[in-house]
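**Student:** This is the structure, below, for whatever I ask next.
Here, each number is a calculation from the coordinates, and none is a lab measurement. Everything quoted here is computed from the prediction, not taken from an experiment. Methodologically, a virtual Cβ is constructed for each residue, glycine included, from the backbone with ideal geometry; neighbour enumeration extends over all protein chains shown.
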Amino acid sequence: MNRQRSKQSQFKIVLLGESAVGKSSVVQRFVKNSFDEYRESTIGAAFLTQSIHLSKNDILSSGDNDNSITTDTIDDDGITVKFEIWDTAGQERYRSLASMYYRNANAAIIVYDITQLESLDKAKYWIKELQRQANKDTIIILTGNKLDLNDERKISIDDVNEFTSIYNLLNFEVSAKTGENVNQLFKDIAIKLVIKNLKSNNNLNTTNKHSNTINLNQNTNNTTNDQNCAC
């Protein structure tokens, strides 16, 4: 049986976190592959787009694939994912606006600074806010930035791992300055969202298949009544 294969997908991502943790720098590294040592704070929110290509093997070999995604589901050339990225301001006065940007987001990257202990507390606030108000299907990724300053680390990896395991979150550490792990972060998000989308489509197709099945026995009683009709 021939199936329609997906070639393109589009997803909305929002970045949240305390001011000066490097949210905009993470996005800039991913979108423009550049870094500015001194950046002005984001006002309100900034909108950027970037695409990433996933090969067929990227998807099929992922640990998120439980073998429900097969070779005939994906085009041989893979899938191109377009991200619509909302980079929100971290200042307190803009906090009330954040819900406009994380509403209907497919994924939320919560950024903290591994050298600033209080930034993790702010990140925890956003995680709880998302779990309370955002889409229940939104994928949440807790992301520690400034990995290039690992010698100045104030937040232990064990503490973060314990927290993310309790809340069932994805966990990444990156350096916007050097680019370490930034592309991998977005690639892993893309793979998870694509697989989730493909599984949803497969389930929908299965449901429709069953709903369109005709039960040849469902009118048996009516047929019998018609045959016994005295009219």
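**Student:** Ordered by residue, what ³J(HN,Hα) values in Hz, to whole numbers, does region 137-143 give under the Karplus form 6.51 cos²θ - 1.76 cosθ + 1.60, where θ = phi - 60° and Gly and Pro are x?
**Tutor:** 3J(HN,Hα) across region 137-143, in whole Hz: 8, 5, 7, 10, 10, 7, 10.
**Student:** Now for a different question. Hey, can you rank 21-32, 132-143 by average C-beta count inside 10 Å, highest first? Write down the numbers at each step before the final one.
**Tutor:** On the way: 21-32: 22.9, 132-143: 16.4.
Top of the packing list down: 21-32, 132-143.
**Student:** Would you calculate the separation in nanometres between label points at LEU97 and ASN33, each defined as 7 Å from the Cα along the Cα-to-beta-carbon direction?
**Tutor:** 3.2
**Student:** Ok, one more. Can you work out ³J(HN,Hα) from phi for every residue in region 103-112, in order, using Karplus 6.51 cos²θ - 1.76 cosθ + 1.60 and θ = phi - 60°, giving whole Hz and x for Gly and Pro?
**Tutor:** 5, 6, 6, 7, 8, 10, 9, 9, 9, 10
**Student:** May I ask you to sort GLU18, GLU152, GLU173 by Cβ crowding, counting other Cβ atoms within 10 Å and putting the fewest first?
**Tutor:** Neighbour counts put them in this order, fewest first: GLU152, GLU173, GLU18.
**Student:** Related question: Return the sequence-ordered ³J(HN,Hα) values of region 14-19 in whole Hz as given by the Karplus equation 6.51 cos²θ - 1.76 cosθ + 1.60 applied to θ = phi - 60°, using x for Gly and Pro.
**Tutor:** 10, 10, 10, x, 4, 4
**Student:** Now a separate question. List every residue whose amide H lies under 5 Å from the amide H of GLY78, counting only residues 5 or more places away in sequence or on a different chain, with H placed 1.01 Å from N in the peptide plane.
**Tutor:** For GLY78, the qualifying residues are LYS56.
**Student:** Output the pairs from LYS154/LYS187; LYS56/LYS192; LYS23/LYS124; LYS7/LYS136; LYS124/LYS187; LYS136/LYS196 with a Cα-Cα distance over 19 Å in this structure; if there are none, say none.
**Tutor:** Beyond 19 Å between Cα atoms: LYS154/LYS187; LYS7/LYS136; LYS124/LYS187.
**Student:** So who's got an amide H within less than 5 Å of the one on ASN145, skipping anything under 5 residues away but keeping other chains? H placed 1.01 Å off N, in plane.
**Tutor:** TYR112, ASP113, ILE114, VAL174
**Student:** Under 5 Å between amide hydrogens, which residues at least 5 positions from LYS154 or on another chain qualify, with H placed 1.01 Å from N in the peptide plane?
**Tutor:** Those lying under 5 Å, H to H, from LYS154 are THR115, GLN116.
**Student:** Tell me, how many Å apart are the Cα centres for region 95-144 and for region 1-80?
**Tutor:** Distance between centres, Cα-based: 17 Å.
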